[in-house]
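First the structure, in the form of structure tokens, and then the observations on it.
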Amino acid sequence: MSPPSTTRLPTEERQAAIIAAALRLTREFSPALVTTGDIAEAVGVTQGALFKHFGTKEAIWQAAMRWVRETLLAQLQQAADDSATPADALGAVFRTHVEFVMAHPGVPRVIFHELQQPVDSLPKQEVRALLLGYRKLLLSTLERAVSAGQLAADLDVDAAATAFVGLIQGLVMQSMLSGRPVRMRQQADRVYALYRRSLGGSA
């Protein structure tokens, strides 16, 4: 076990370190198996010091999911904004999401875990807010692409948004089962190319 850290960090920095440690641990373990003791050890503090920043384990996961929601949605929106056309934005959002999961492979484990819980917990509410924000971005991007004539005029944008998320989830599940997250990047372009052709419109 690592000795407790004697370095006193500002509250926000320490909280960020705790969140990062919790998400790192989920690369290898289910969130249900990650204890506050594990997180404290990973950060290099005592459990007492940990609870000064987060009163409960649920509060840690809530903060972690808030960070994921804010960070991922900001990156996806930036990718869309930086694209030349709405159709290009769709591909940029897809690739950006894949890269986010590659950088934070424990995140999908937490999301899947929270969605399976029967109780509407605070972490689960953050996950739901993430999914709603993501869907709003996708629908807006798809609708703009249809209006610009880049996708089929009769495209079912609601179904297209659902399929988009499903493709990401499929890539994530396969990478988790294989234990090789790098496979996501290897397969992402080919999978997206098939999806893009199904939407019709101009290339």
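All of the numbers you see were taken from the coordinates with simple rules; none came from a lab. Model, not experiment: these values are computed from the prediction. Cβ atoms come from the backbone with ideal geometry, glycine included; neighbour counts cover every protein chain shown.
Numbers at a glance
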quantity: Dipole of the chain, positive direction: furthest Cα of Ala145, Ala16, Thr35, with charges on the beta-carbon; calculated: Thr35
quantity: Estimated 222 nm signal from helices in the chain, with DSSP H stretches of n ≥ 4 weighted -39500 (n - 2.57), rounded to 500; calculated: -24000 deg cm²/dmol
quantity: FRET E, pair Asp158, Leu122, Förster distance 35 Å, beta-carbon r, rounded to 0.05; calculated: 0.80
quantity: Cross-link partners of Lys136 among lysines (Cα-Cα below 26 Å; sequence separation of 8 or more within a chain); calculated: Lys124
quantity: Answer label for log10 I(q)/I(0) by the Debye sum over Cα atoms at q = 0.08, 0.15 Å⁻¹ (calculated), chosen among [x] -0.32, -0.94; [y] -0.29, -0.94; [z] -0.46, -0.89; calculated: [x]
quantity: FRET efficiency, 1/(1 + (r/R0)^6) with R0 25 Å, evaluated for Arg197 and Ala84 via beta carbons; calculated: 0.80
quantity: Burial order of peptide ranges 57-68, 150-161, 178-189 (average beta-carbon count within 10 Å, highest first); calculated: 57-68, 150-161, 178-189
quantity: Assigned charges on the beta-carbon of Lys, Arg, Asp, Glu; the chain dipole about Cα centre (debye); calculated: 380
quantity: Karplus-derived HN-Hα couplings along segment 22-37 (A = 6.51, B = -1.76, C = 1.60, θ = phi - 60°), whole Hz, x at Gly and Pro; calculated: 4, 5, 5, 5, 6, 5, 10, 10, 4, x, 5, 9, 7, 9, 5, x
quantity: Dipole of segment 79-203, positive direction: furthest Cα of Leu130, Pro108, Gln186, with charges on the beta-carbon; calculated: Gln186
quantity: Among Gly44, Met173, Gly55 - extreme Cα towards positive end, dipole of the chain, charges at beta-carbon; calculated: Gly44
quantity: Label-zone membership for segment 58-101, site Phe51, 7 angstrom Cα→C-beta point, backbone N under 17 Å; calculated: 58-61
quantity: All aspartates and glutamates inside 13 Å of Lys52 as judged from Cα atoms, apart from same-chain residues fewer than 8 positions distant; calculated: Glu12
